[in-house]
Amino acid sequence: MQLGRLFNSLKHAPRGADIARRRRTFDGWIDGEAETGGAGARDHTETVKGYYDLCSDLMVFGWGESLHFAPLTPRESLEESVIRHQRLMIAKLELRQGMTVVDVGCGIGGPLRRVVREAGVKVVGINNSATQLARARTLTGEAGLDHMVDYVECSFMDMGAIEDNTFDRGYAIESTCHAPDKQRAFAEIFRILKPGALFWGQEMCLTDKFDPDDSRHRTIKQGLMRHVALQDIATMGEVDRSLEAAGFHVIEGIDRNVKEGPSTPWYQPMENRRGTLRSVFYRAPWGRKAIFAILKLTEALRLFPEGSAEICRFLDQTAAAYVAGGRSGVFTPLYCFLARKPL
């Protein structure tokens, strides 16, 4: 059954040596950015696009249609926690029927489809990855929601195809963390929102525990930047200041991994401590290594595209980087803010 799910995830992937070529190209981009401190001539948004074009299929297999983290509790599965977190966003945005909402960096549209179903609003998804948009359109059509959804293929750094003051609400879930210039990204979002509109965001951030003079902390940060295609990682305060510089009024900013009462660390699904056998098979370390071995075998039998196993290995390293950031306490993917464009 798991092998069947894996096949379905990869059946639309590029064939043959193209995956291996893309992986080598992506490594070159990341190495070049590391050497120049992110100041090279290459547009980082293209690096991010290459990252998601390369990794999306296996990400969806391992995590589901909503490619983001959520605050976890012991009584919930990961999937239940993600739904609860999305419903919190819907409530914070005060969505009402008749509104038009922009999803900035919509991935394959998992949160977007829940917003449409539960709030009855129209949503426009922004994404510069044609690979992800094709999957999003297919899944939205299968869900019978395509009459409520439009997609625009562009970078959120330049949404010139969209007029000023277009949307009643907006949200960006783990997307603007990829922005090479956060203030400029927020300014572009500010431009397309109507006066008075609310904007919800979820950012990957360094916490107050991060010490730039600690070599271990620097290594953890570099590992995250490399494996999540981040040009830099902002602090929570830097996110707030970028929002304000773009013109937003910040209503609240909370690291939602910090909770009162029983809780589960956000990174625990990637460790071998939580979940059913079915879920830990493709999330926990031993499960990811088993998938790597299966992919190496099936590549040799020409059942899966060449290079698939290397993408699996890369995402295993990504999970290890997340766990290192979470266990050390220097990193959170759950800094959630609510801001408003003034009237």
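Atom-type composition of the exposed protein surface of region 155-252 places 44 percent of the accessible area on carbon and sulfur (1.4 angstrom probe). In order along region 100-108, the Karplus-derived 3J(HN,Hα) couplings, from 6.51 cos²θ - 1.76 cosθ + 1.60 at θ = phi - 60°, round to 10, 10, 10, 9, 8, x, 7, x, 9 Hz, and Gly and Pro are given as x.
In order along region 63-69, the Karplus-derived 3J(HN,Hα) couplings, from 6.51 cos²θ - 1.76 cosθ + 1.60 at θ = phi - 60°, round to 10, x, 6, 9, 8, 8, 8 Hz, and Gly and Pro are given as x. A protection proxy built from the mean count of other Cβ atoms within 10 Å ranks the segments 162-175, 83-96, most packed first, as 162-175, 83-96. Derived scalar couplings between HN and Hα for region 202-208 equal 10, 10, 8, 9, 7, 8, 5 Hz in order, rounded to whole Hz, by the Karplus curve 6.51 cos²θ - 1.76 cosθ + 1.60 (θ = phi - 60°), x for Gly and Pro. Amide hydrogen proximity for Gly125: with H placed 1.01 Å from N in the peptide plane, the residues at 5 or more positions away or on another chain lying under 5 Å are Asp103, Asp150, Tyr151, Val152. Taking amide H atoms as placed 1.01 Å from N in the peptide plane, the amide H of Leu193 lies under 5 Å from those of Asn165, Thr166, Phe167, each 5 or more residues away in sequence or on another chain.
Electrostatic bookkeeping for Glu94 treats Lys and Arg as +1 and Asp and Glu as -1; over the other residues with beta carbon under 15 Å from its beta carbon, the sum is +4. Using 20 Å as the Cα-Cα cut-off, could you pick out the over-long pairs in Lys92/Lys122; Lys49/Lys182; Lys49/Lys92; Lys92/Lys209; Lys182/Lys221; Lys221/Lys341? Among Lys92/Lys122; Lys49/Lys182; Lys49/Lys92; Lys92/Lys209; Lys182/Lys221; Lys221/Lys341, the Cα-Cα distance tops 20 Å for Lys49/Lys92; Lys92/Lys209; Lys221/Lys341.
The values are calculated or read from the model by the stated rules, or taken from the named source; none is laboratory data. Remember, it's a predicted structure, so these values are computed and weren't measured experimentally. Note that each Cβ is placed from the backbone with ideal geometry, even for glycine, and that neighbours are counted across all protein chains shown. Side chains are part of the model used for accessible areas, which takes the heavy atoms of the whole protein and leaves out ligands, DNA and RNA. Shrake-Rupley method; radii C 1.70, N 1.55, O 1.52, S 1.80 Å.
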